[in-house]
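Just so you know, all these numbers are worked out from the coordinates, no wet-lab data involved. Keep in mind that what you see is a predicted model, and the values were worked out from it rather than measured. Every residue, glycine as well, gets a Cβ built from its backbone with ideal geometry; the counts of neighbours run over all protein chains shown.
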Amino acid sequence: MSKSLKLFLGISYILILFFFLYLIFSYVEVSRLNDFLYYKELQIDLEKMISNNFYLNLLIFFLFCLIWVSLLGFGTPLLLISGILFGKWIGTCISVLSISTGALILYSIANFFFKDLVYDLLEKKFFKYIHLFRKNEFNYFLAFRLTGGLGIPFGPQNVLPVIFNIKKSNYFFASFLGFIPIFFIMNTIGAGLNEYIKQADNFSFVNLLSNKEIYLPIILFVIVILISGIIKKRIFDDKN
């Protein structure tokens with residue numbers, strides 16, 4: 001493929017990204033984001049929509065995640081939404097599968113179209129990790145995912161492995177397994193938010209945090225962060 005065609009496809013990809021983001025945020029009633037009744041209305045409408053055709057909506061959400069993640073979208077909103085829409089168990093399963101697949105698509109796109117750019121931007125900063133990934137790319141990339149991508153934002157952390165030249169199979173399965181702990185916690189929080197919105201008449205931050213469906217996964221989240229810090233120090237920091 002010629003450089004001019006690669007450039008054209010790369011620019012087209014970026015334009016599609018901005019258009020897709022515009023379509024999403026144009027449907028949000030920004031003026032009502034501070035109105036608790038707005039969220040109750042959304043919760044009722046979403047629950048009816050999901051129950052009317054559960055499997056179709058599951059497929060739609062899966063495809064949406066693929067597109068969203070492959071276009072450098074944030075991961076956390078998807079996890080909360082999947083928990084709200086499908087509950088913590090099914091939400092975790094669909095989000096892990098779809099986001100892992102979307103991340104693989106993004107990795108493939110970056111590796112094909114933007115490999116030189118990724119190297120120019122990230123190689124010097126993360127050069128010290130290259131020899132680690134060459135030793136056992138699956139185990140180190142799994143640890144990378146378990147530590148939350150070393151604190152790197154979700155989109156860039158999906159692209160970063162381009163400089164390590166990780167095999168796509170290792171990329172996918174390490175992502176899949178590494179995502180499970182934190183994805184389950186975030187889906188649990190999303191499911192808890194859904195129940196709180198359904199039962200509460202008005203918003204109270206104190207009542208929200210006193211709900212065990214919220215504070216228990218938050219405690220788990222803190223524990224996972226601490227464990228991730230230990231893994232990061234022992235596997236990555238102490239090796240350099």
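List the lysines whose alpha-carbon lies under 29 Å from that of residue 233, not counting same-chain residues fewer than 8 positions away?
Straight-distance partners of residue 233: 115, 124, 125, 128, 135, 167, 168.
What is the calculated FRET efficiency for residue 120 to residue 172, with r their C-beta to C-beta distance and R₀ = 30 Å, to the nearest 0.05? Before the final figure, lay out each step's value.
Working: r = 26 Å, r/R0 = 0.86.
The computed FRET efficiency comes out at 0.70.
Beyond 15 Å, what percent of the Cα pairs of the stretch 44-93 remain?
Values: 550 of 1225 pairs.
Pairs farther apart than 15 Å: 45 percent.
Let me check against my output: what whole-number percent is the relative contact order of the chain, with C-alpha pairs under 8 Å and at least 6 apart? Working shown, then result.
On the way: 228 pairs, mean separation 59.7, N = 240.
Value for the chain: 25 percent.
Would you please classify the overall shape of the stretch 77-146 from the alpha carbon gyration tensor, given that a ≥ b ≥ c denote the square roots of the eigenvalues, rounded means a/c under 1.5, and beyond that prolate means a/b larger than b/c while oblate covers the rest? Mind showing how you got there, number by number?
Details: a/c = 2.90, a/b = 1.88, b/c = 1.54.
Taking the square roots of the gyration eigenvalues as a ≥ b ≥ c, the stretch 77-146 is prolate.
List the extent of the Cα atoms of the chain along each of their three principal axes, largest first, rounded to whole Å.
Extents along the principal axes: 55, 44, 31 Å.
Short version: ³J(HN,Hα) in whole Hz for each residue of the stretch 157-166, in order, from phi by Karplus 6.51 cos²θ - 1.76 cosθ + 1.60 (θ = phi - 60°), x for Gly and Pro, what are they?
Whole-Hz 3J(HN,Hα) from phi for the stretch 157-166: 5, 6, 8, 3, x, 4, 6, 9, 6, 6.
When only C-alpha pairs under 8 Å and at least 6 residues apart count, what is the relative contact order of the stretch 75-154, in percent?
17 percent
Given points 7 Å out from each Cα along the Cα-Cβ axis, report the residue 44 to residue 16 separation in nanometres with one decimal.
Spacing of the two 7 Å Cα→Cβ label points: 3.9 nm.
How far is it, in nm, from the label point at residue 130 to the one at residue 165 when both lie 7 Å from their Cα along the line to the Cβ?
For residue 130 paired with residue 165, the spin-label model returns 0.9 nm.
What shape does the stretch 117-191 have by the C-alpha gyration tensor, where a ≥ b ≥ c are the square roots of the eigenvalues, rounded means a/c under 1.5, and otherwise prolate means a/b greater than b/c and oblate the rest?
Because a/c hits 1.5 or more and a/b exceeds b/c, the stretch 117-191 counts as prolate.
Just tell me, in residue order, which DSSP H segments of the chain are both 27 angstrom or longer along the helix axis (alpha-carbon based) and at least 0.0 in mean Kyte-Doolittle hydropathy.
Numbers: long enough: 3-26 (34 Å, 1.89); 76-113 (37 Å, 1.52); 168-199 (44 Å, 0.61); 212-231 (28 Å, 2.35).
Helices meeting the span and hydropathy rule in the chain are 3-26, 76-113, 168-199, 212-231.
What's the Cα-based Rg to Rh of the stretch 71-214, Rh via Kirkwood?
Details: Rg = 17.4 Å, Rh = 16.3 Å.
So for the stretch 71-214, dividing Rg by the Kirkwood Rh gives 1.07.
Pick from 86, 112, 64: which residue has the top mean-square fluctuation in a GNM of the chain where Cα pairs under 10 Å get a spring?
112
Pop a pseudo-label 7 angstrom from the Cα along the beta-carbon direction at both residue 221 and residue 64 and give the gap in nm to one decimal.
2.0 nm
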